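No lab work stands behind these numbers, since they all come straight from the coordinates. Worth saying up front: this structure is predicted, and the values here are computed from it rather than measured. For neighbour counting, all protein chains shown are included, and Cβ atoms are generated from backbone atoms with ideal geometry for every residue, glycine included.
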Protein chains: 2
Amino acid sequence: MSPKPMTRPGGRSARVQEAVHAAVRELVGEVGRDAVTVPMVAARAGVTPSTIYRRWGDLQELLSDVAVERLRPETDPADLGSLRADLDAWAEQFLDEMASPSGRAYIRDALLGDPDGSNAGRCSAYAAEQIDAVLNRAVGRGEPVPDTERVIDRVVAPIMYRILFRPGGQGADYARELVANALHRS
Amino acid sequence: MSPKPMTRPGGRSARVQEAVHAAVRELVGEVGRDAVTVPMVAARAGVTPSTIYRRWGDLQELLSDVAVERLRPETDPADLGSLRADLDAWAEQFLDEMASPSGRAYIRDALLGDPDGSNAGRCSAYAAEQIDAVLNRAVGRGEPVPDTERVIDRVVAPIMYRILFRPGGQGADYARELVANALHRS
DNA sequence: CAGCTAGAAGCAACGGATTCGCATTAAGGT
DNA sequence: ACCTTAATGCGAATCCGTTGCTTCTAGCTG
């Protein structure tokens, strides 16, 4: 949960971290992402700026940290009765959320302050978990299912690539087409 | 070639732009990307910081600008006699270049300081051009070829996704596997 | 070819972000 | 309950980023 290994997770550190995260969320909503500064966050969180610089090192790393938390899915994928329906629904929702202006901003922030790629790795893990849940349900139904990696390569990767490298949104039909390709002769 | 429309392409502006770009390349190599600052670049380029801020607005946009130029492929894809061989070779080289630490850094920088996504769009266009060249050659040979979009979705997107979101490099065999999937029953 | 115009770069000063050393506090273990 | 040490608070010094104004030069016009 913390960007740098927290050797002492107890009370105060956790409180500070939560206060800072909350302050970032509030301020981004109030003054806009580009206007947020470290001293501003520190004041709102009741903390000194040096604390933030020491723990996160950088405004970008802090924003990256917060962005990853907002990219974490809150609910399990819906169960619509079949693998195809579940994947279609999940891919459409994923595309919608990620392609929205705020979604794009969070993705960019998450990648931005992330020298070692660990935050990006967490985003990828979230998607993999959701897909695993869908696939495991399908296995329980006795349906033939593709590999998780295959779904990531065929559905998640193209969606993210287009969002990042090809401004100009894609529709829900594109998501369904990708799902069809992923399930084809699985 | 310039981030903001250059209404006066003549002598001085062009010289300044080239000097600044060269300074960035040198400094990134010398002190590392994270240690580069605008005043540093300005001093090296023999320019005042305000000039850089006015033309690029931001260190990130400047780095993005330089990164895109370094991501531009210098040579056309090799002609090895068959679509499969050409695509294999291209995908392997692409993966190699992009997955290297400096490649990752350039990709991140290109995406980073890019509010409107135009730099990212250029990167995508570079890859599309290279793929088009390979596919057109194959058409000339009478080979059946997949759609460019299909190759992007099946080969380029997974590679970029893994590089960006899954630290922990992929080998050349992964690139070949993706190409095989893209050509399968094309 | 000379003068005009406007865009681009130089200059300087201000405000704020970032860093650093040192004192203080509070976890976690003994 | 005490001790060790990580983590935070505090304040000063530094450097970056920003802005208004001036100067210069490229490109146009007559």
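Just a few scattered comments:
- With contacts taken as Cα pairs under 8 Å at a separation of at least 6 residues, region A:70-183 carries a relative contact order of 36 percent.
- For peptides A:137-143, B:128-134, sequence by mean Cβ density within 10 Å, most packed first: B:128-134, A:137-143
- What separates the residue B:142 label point from its copies, with the point 7 Å along Cα to Cβ, is 5.0 nm, written shortest first.
- Rounded to the nearest 20 debye, the dipole magnitude of chain B is 520 debye, with +1 charges on Lys and Arg beta carbons, -1 on Asp and Glu beta carbons, and the Cα centre as origin.
- In region B:145-186, trypsin sites (Lys or Arg not before Pro) in a DSSP loop with at most 16 other beta-carbon atoms within 10 Å: B:185
- Peptide B:154-160 has a mean shielding of 6, counted as Cβ atoms of other protein chains within 10 Å of each residue's Cβ.
- Residue-by-residue Karplus 3J(HN,Hα) for region A:148-158, coefficients 6.51, -1.76, 1.60, Hz, glycine and proline x: 4, 4, 5, 5, 5, 5, 8, 10, 5, 4, x
- Residue by residue, region B:65-70 carries 3J(HN,Hα) couplings of 4, 5, 4, 4, 5, 7 Hz when phi is fed to the Karplus relation 6.51 cos²θ - 1.76 cosθ + 1.60 (θ = phi - 60°); x denotes Gly or Pro.
- From phi via Karplus (6.51, -1.76, 1.60), per-residue ³J(HN,Hα) for region B:104-117 in Hz, x at Gly/Pro: 4, 4, 5, 4, 4, 4, 5, 6, 5, x, 8, x, 9, x
- Descending semi-axes in whole angstrom, ellipsoid equivalent of region A:11-57, from the Cα gyration tensor: 18, 11, 8
- In chain B, a dipole from Cβ-located charges (positive for Lys and Arg, negative for Asp and Glu) runs towards its positive end, and of B:62, B:95, B:174 it is B:62 whose Cα lies farthest in that direction.
- Environment charge of residue A:91, counting only residues whose C-beta is closer than 14 Å and scoring Lys/Arg +1, Asp/Glu -1: -4
- Each other residue within a Cβ distance under 15 Å of residue B:35 adds +1 if Lys or Arg and -1 if Asp or Glu, for a net charge of -2.
- Net charge contributed by nearby residues that have their C-beta within less than 12 Å of residue B:172 (K/R +1, D/E -1): -4
- Helical runs assigned H by DSSP (4 residues or longer) give chain A a calculated mean residue ellipticity at 222 nm of -21500 deg cm²/dmol, each run adding -39500 (n - 2.57) before division by the residue total.
- Average beta-carbon neighbours from other chains, 10 Å sphere, peptide A:164-172: 5
- Short-range pairs are left out: with C-alpha atoms under 8 Å and at least six residues apart, the relative contact order of region A:11-57 is 34 percent.
- Contact order relative to length of region A:1-123, as percent, for alpha carbon pairs under 8 angstrom and 6 or more apart: 24 percent
- Of the GluC sites (Glu not before Pro) found in region A:70-127, those in coil by DSSP whose Cβ has at most 13 other Cβ atoms within 10 Å are A:74.
- Once Rg and the Kirkwood radius are both taken over the C-alpha atoms of chain B, their ratio Rg/Rh works out to 1.04.
- Global form of the protein assembly as shown, assessed from the alpha-carbon gyration tensor, a/c cut-off 1.5: oblate
- Reducing region B:22-54 and region B:142-174 to their Cα centroids gives an inter-centroid distance of 34 Å.
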